[in-house]
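Remarks on the structure that follows.
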Amino acid sequence: MLNTFTVLAQAATTAEPAADTAAQGASQQSQGGGFLIWVPLLVVMVAMIWLSSRGQKKQRERHQQMINGLQKGSRVVLAGGLYGNIVEVKDKTFMVEIAKDTRVEVAKSGVSGAVEEDNKTESK
């Protein structure tokens, strides 16, 4: 019985070599087609990353404009949640008075927002 299967297998491989090469070509095409499935996914991922970084860039620019617009006497809220008034502006820091005769030196990046005096709301 084993000899019968061997003979049939040899006959099938020698009788249809064209069908065998066609099957190999089809399998190669299907492997190449698998890459095309990933292209739209990659495009969507790149677009999401670009849009996210664009929003962060705009937010950083608005914060930098707010920092550059602060001057002596401006009321600010610090990153830790403390409110105070700017009493001195330096190159990279502010001197902020958080209570009577209590002054702290704060990095400009430590100011999270300016407080409007008329209605006591924060702007970021």
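Numbers for the structure displayed
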| item | result |
| --- | --- |
| Residue satisfying all of: in region 49-88; over 33 Å from the mean Cα position of the chain (by Cα) and among the hydrophobic types (A, V, I, L, M, F, W, C); surrounded by the most Cβ atoms within 10 Å (Cβ to Cβ) among these | ILE86 |
| Subset of region 99-121 [surrounded by 14 or more Cβ atoms within 10 Å (Cβ to Cβ) and not basic (Lys, Arg)] | VAL104, VAL106, GLY110, VAL111, SER112, GLY113, ALA114, VAL115 |
| The listed residue being in a helix (DSSP H, G or I) and at pLDDT 90 or above, out of VAL106, VAL96, VAL77, VAL43 | VAL43 |
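The values are calculated or read from the model by the stated rules, or taken from the named source; none is laboratory data. It should be emphasised that the depicted structure is a prediction, and the values quoted were computed from it without experimental measurement. Reconstructed Cβ throughout: ideal geometry from the backbone, glycine too, with neighbour counts over all protein chains shown.
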